[in-house]
Amino acid sequence: PRVLGCSLVLSVQSFYSASDDVVELTPSNFNREVIQSDSLWLIEFYAPWCGHCQNLTPDWKKAATALKGIVKIGAVDADQHKSLGGQYGVRGFPTIKVFGANKNKPEEYQGGRSSQAIVDGAMNALRALVKDRLSGKSGSSGYNKQQSGGGSKKDVVELTDDNFDKMVLEGDDVWMVEFFAPWCGHCKNLEPEWAAAAAAVREQTKGKVRLGAVDATVHQAVSSRYGIRGFPTIKIFRKGEEPEDYQGGRSRGDIIERALDMFSENAPAPELLEILNEDILKKTCEDSQLCIIAVLPHILDTGAAGRNGYLEVMMKMSEKYKKKMWGWLWTEAGAQMELESSLGIGGFGYPAMAAINTRKMKFALLRGSFSETGIHEFLRELSVGRGSTATFGGGSMPKIYSVEAWDGKDGQLPVEEDYDLSDVHLDDDFDKDEL
């Protein structure tokens, strides 16, 4: 395959720029631009590596120009700003959401992807919004109304001298705890942000990261134990670790981003799967930006212990790189010959490893050792967009065969059956038949 100096992991410039009419949204401007505005917004959540997103870009820009001054059109690079995508339950790309009267509950845009269809969808949403306002259903979306929306106090766990140890220190969850005083102005400003973040974080992490609050003027035992001097003070508690001061921003976006970061640090590593059929390869590689595939030596060459050693190295690396949400697969030498030959691996040099980007039909091969150090070096280069890549032989995904799963045991040579030949006189019978 021809080696190209093109990166496998795109460190792409953003799809949109100041010269077009699409507003680029990030955690730092989202609250101001969208949540606090009275305008109707259509927002695309995209990833730079996603082909469908690239195809949508010219139509999205066209629609933004046509709707200028009427409906706001925005875009979020949700690969870079995972907290924003996470906050609104974005699972795939591109996802388009309509932010109407209640900015905390956007609706999914279900229309077509041409500029005409997007404009029609926006105008229908606008018509519905104006009709509701006229009938008095919802006033303008002014910020005061929003303050109460998007999470209520019930999502923030009230912590006390009595329940603190049991809930926070003895549980398995990660906690962000705010120590506040009822008379403190900054605490009042934080309250709606904390509540909104608590709701989003509970939903996104399935309750694995929780937000709590301690009234330090009432529950003085806990507060003095942690040396609370000023308000609000936010501390992070993880099982078995010393509490840590939260130093980040005080907006819901900042708080959610930190919580999701901690969640992904605590989340299990992606599963390492054997390539047993085409579905496994397709599903794993299409759902991930990159797919890491190892071709391990035949079981007769390594035995179960040797193979498990290689799989363990891979599992350690998938744990190390789990925030990337890459797919991890393995197969045995000779089981997927067409895959091996399209990657230029075939026939020698096992164990081998390739990182594949199925959208761009490009791959890179591990040149160093199949060890934690070698693989880490290989993946780090890819992460920053270095390392040489090649295009798939044949330009399309190779044929994948359905195979039996490894049973976890040492291999066995095929057993030859013993035939009892003692009463067969080959020569005699053979000669008679011949004549």
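Estimate the FRET efficiency between E312 and V218 by the formula 1/(1 + (r/R0)^6), using the beta-carbon distance for r and 60 Å for R0, to the nearest 0.05.
The value I calculate is 0.75.
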query: Could you give P(r) for segment 36-93, binned at 5 Å from zero, as whole percent values over all Cα-Cα pairs?
result: 4, 18, 26, 22, 19, 10, 1
- prompt: Stretched out fully, how many nm does the piece from E404 to V384 gain, at 0.36 nm a residue minus the Cα gap?
  reply: 3.5 nm
- request: Would you be so kind as to identify which of G85, P270, W328 lies farthest towards the positive end of the dipole of the chain, taking Lys and Arg as +1 and Asp and Glu as -1 on Cβ and the Cα centre as origin?
  value: G85
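Please get the size of the charge dipole for the chain, origin at its Cα centre, with Cβ charges of +1 on Lys and Arg and -1 on Asp and Glu, quoted in debye to the nearest 20.
4140 debye
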- line: Dividing the helical contributions, -39500 (n - 2.57) per DSSP H run of n ≥ 4, by the residues of the chain yields a 222 nm value, nearest 500 deg cm²/dmol, of -10500 deg cm²/dmol
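Viscosity 0.890 mPa s, temperature 25 °C: give me the Stokes-Einstein translational D for segment 353-420 in µm²/s, with Rh taken as the Kirkwood radius over C-alpha pairs.
After rounding, the answer is 157 µm²/s.
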field: Heavy-atom surface of segment 165-313, accessible at 1.4 Å and reported per residue (Å²)
entry: 47 Å²
query: At q = 0.22, 0.24 Å⁻¹, what is the log10 ratio I(q)/I(0) for segment 93-137, with the Debye formula run over Cα points and no solvent?
result: -0.79, -0.89
- prompt: Share of the chain's accessible area from carbon and sulfur, percent, 1.4 Å?
  reply: 50 percent
query: For segment 177-303, rounded, prolate or oblate, judged on the Cα gyration tensor with a ≥ b ≥ c (square roots of eigenvalues), a/c < 1.5 rounded, else prolate if a/b > b/c?
result: prolate
- request: Place the peptides 222-229, 371-378 in order of packing, highest mean first, counting for every residue the other Cβ atoms within 10 Å and averaging per peptide.
  value: 371-378, 222-229
query: Given K316/K362; K62/K362; K208/K324; K68/K323, which pairs have Cα atoms separated by over 28 Å?
result: K62/K362; K68/K323
task: Check every DSSP H run in the chain and write down those whose alpha carbon atoms cover 27 angstrom or more along the long axis and whose mean Kyte-Doolittle hydropathy is -1.0 or greater.
output: 115-134, 185-204, 299-320
- request: Calculate, in nm to one decimal, what E286 and R359 gain on full extension: separation in residues at 0.36 nm each, minus their alpha carbon distance.
  value: 25.5 nm
query: Taking 0.36 nm per residue of separation and subtracting the Cα-Cα distance, what length does fully extending T26 through M337 add?
result: 107.4 nm
field: For segment 360-418 versus segment 304-345, the gap between their alpha-carbon centres in whole angstrom
entry: 5 Å
- request: Which order do the peptides 330-342, 395-407 take when ranked by the mean count of other beta-carbon atoms within 10 Å per residue, highest first?
  value: 330-342, 395-407
query: Along the principal axes of its C-alpha atoms, what lengths does segment 226-286 span, in descending order and rounded to whole Å?
result: 60, 28, 10
- prompt: Once the Cα atoms of the chain are picked out, what are the Rg and Dmax in Å?
  reply: 29.0, 115
message: When a/c reaches 1.5 or more, the comparison of a/b and b/c decides; with that in mind, is segment 297-372 rounded, prolate or oblate per its Cα gyration tensor?
response: oblate
Length-normalised contact order for the chain - Cα pairs under 8 Å, 6+ apart - percent: 16 percent
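The values are calculated or read from the model by the stated rules, or taken from the named source; none is laboratory data. Please read these numbers as outputs of a predicted model, since none were measured by experiment. Cβ sites come from the backbone with ideal geometry, for glycine too, and all protein chains shown count toward neighbours. Calculation scope for accessible area: heavy atoms of the full protein, side chains included, ligands and nucleic acids excluded. Shrake-Rupley method; radii C 1.70, N 1.55, O 1.52, S 1.80 Å.
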